[in-house]
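Visitor: What follows is a structure written as structure tokens; I'll ask about it next.
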Amino acid sequence: MAADGSAAEPGTSELLIALSVKSVITPYTDQDGPARFRLLESMRGFGHERLVAESEDTETYGRLVTWLTQLSEPLHRETFIQPAVLRHLAAEHGNLAHALHWLIPGTDERQLLLAGALATVELSPGPADDTLTLLSHILDRGIESSPYRSVALECAAALAGRQGDYGTAMRYAEQAVELERGYGRDPLLSRLLLLRSALHETHGDQGSAVADLRECLKIGHRLRDETLTALCRVGLARYQLLNGELGRAEQVIEEFLPLLRMRVPPRWLHAVLVTAGALALEKDDLPTAEAYFTESLRGPAEHTRGPADALQGLAIVAARAHRFERVLQLIGAAEQIGPPASWGDAWWRERVNAARSAALKALPPNRAGASLEAGHAMRHRHVLAFALGSQATGATAEDSDGLLSKRERDVTALVVEGLTNRQIAARMHVSVRTVETHIRHIRTTLGLRSRAHIAAWAAERRTAAVRPAVSPPSPGPLAEAAPLVWVSTAGADRSSRSRELRGVRRIG
């Protein structure tokens, strides 16, 4: 109500209080925004019917679109979308969907911006196939001259890249870049160049990726934007690292990482920290590398997107420390979470595959299979707890361990080793049916769905018990943690992974 800033009708406050008391609406207050109210889902359909019956639907939806457009304006005016803006948009997720449903039959250009806002919100939790379809439909409807079109193209490119559709992603990105060059809007153009650079990198076109970063750097200088300049410099340092210029890359990261820690939103900081961690790996400085990778995982939950590359980095650290079960658990967890947010290139895959191969060679086949399955079975919050070595929550908490008998804990330990029920029965001198009963009770007690989840739970607890949380090292500038898009490389190593696991006994 009064979302467009106009004065509320007399008696509005009393009406809102009365509806809240009756639980028809639910109040909530943003930390940095005005009071807002949510209508119960059961009442929304009725409310819509009444608006139509009173011929007030056009005016009401018009005010809603105006409100959402004001919230979404930073998407096409600013280089970096601040966390507060993303929180506001996430809170309006349902309203964005309703507004788009109302707008789509027409040609109102604001549907381009609102579709981009919806896609930006949905990029955080994971892939959004329906949103990409919606964006493609809106973009194909011929609203060509809108200043909002570049935002929709950007988000469509990001979603297509997430799905591994490089051709579609690049087509959208190219259109967006050319549009913004024509408009001369440097802030959005710089963000689009960062996006296109990531797409080029994933496709193996390092020269084009570097060219986009250099053009973006020129924009940073032209705008006198220290933050954008620093981000581009660190992006270029990444390629110095790939080319073996460790000294130059280290100098850039030492200079700009402190500024980026203070200035860029968490989602942009992820790639910077992973680059710093990879540099530390190349210098064989395992404690510092581990600190950077774990720092990149410690961001606010809504901004910890696509931690696969950080998990892979921790797996490489574990391989060099000869902790091979942890290597495969982390790699398995990274595979089930999704493609890396950065580091989609052969240089990084070579190091990840070397860590995997070392672990598969060092471990017996049953333990290797159990470790990979344990990683595949971890849910997102359990993955982060395991990777960070912190106390876990839910089914991984200390209290849940106390619910298991000694016999059940023994069975759990043997499940982690990858033993079958018959092998566990022989080891414990009990019947196979007794083992089946123990496993069924363990799953029921801990709320776990499979043997693989039992193995994941046990591996997580063991790490939490023996390893303290890692803190970033100090002193020193390097020891003082993503772009909007992920570019999918999912499936790139699937055939090789199948060959590696051929003959490995699966659990469950």
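The values are calculated or read from the model by the stated rules, or taken from the named source; none is laboratory data. Note that this is a predicted model, so its numbers are computed, not measured. We place every Cβ from the backbone using ideal geometry, glycine too, and count neighbours over all the protein chains shown.
Visitor: Is segment 317-336 home to any residue that is within 30 Å of residue 190 (Cα to Cα) and in a loop (DSSP other than H, G, I, E, B)?
Guide: No.
Visitor: For segment 226-300, which fully contained helices (runs of 4 or more DSSP H) count at least 3 residues that are farther than 21 Å from residue 314 by Cβ?
Guide: Counting at least 3 such residues, we get 226-242, 246-263.
Visitor: From 266, 187, 258, grab the single residue that is out of contact with any Cys (no Cβ under 8 Å at 6 or more places or on another chain) and modelled with pLDDT under 90.
Guide: 266
Visitor: Whether any residue in segment 187-202 is outside any helix (DSSP H, G or I) and either surrounded by fewer than 24 Cβ atoms within 10 Å (Cβ to Cβ) or among the hydroxyl-bearing types (Ser, Thr, Tyr) (or both) is what I want to check. Break it down into steps so the answer makes sense when it comes.
Guide: Of the residues in segment 187-202, the ones outside any helix (DSSP H, G or I) are none.
No, every residue in segment 187-202 fails to be outside any helix (DSSP H, G or I) and either surrounded by fewer than 24 Cβ atoms within 10 Å (Cβ to Cβ) or among the hydroxyl-bearing types (Ser, Thr, Tyr) (or both).
Visitor: Could I ask something else about it? Can you run down the residue pairs with Cβ atoms below 8 Å, 6 or more apart or on separate chains, where the first is in segment 43-57 and at negative phi and the partner is in a loop (DSSP other than H, G, I, E, B) and of a type in the set (Ser, Thr, Tyr)?
Guide: Between residues of segment 43-57 that are at negative phi and residues that are in a loop (DSSP other than H, G, I, E, B) and of a type in the set (Ser, Thr, Tyr), there is no close pair.
Visitor: Does residue 381 qualify as being exposed (fewer than 14 other Cβ atoms within 10 Å of the Cβ), modelled with pLDDT of 70 or more and either in the same structural domain as residue 295 (by TED's automatic domain parsing) or part of a loop (DSSP other than H, G, I, E, B) (or both)?
Guide: no
Visitor: Can you tell me how many residues in segment 138-168 are assigned to a helix (DSSP H, G or I) and under 18 Å from the mean Cα position of the chain (by Cα)?
Guide: Total satisfying the criteria: 9.
Residues are listed down the side, and each one gets a yes or a no for (1) modelled with pLDDT under 90; (2) within 16 Å of the chain's Cα centre (by Cα); (3) among the aliphatic types (A, V, I, L, M):
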| position | (1), (2), (3) |
| --- | --- |
| 248 | no, no, no |
| 270 | yes, yes, no |
| 292 | no, no, no |
| 306 | yes, yes, no |
| 314 | no, no, yes |
| 318 | no, no, yes |
| 326 | no, no, no |
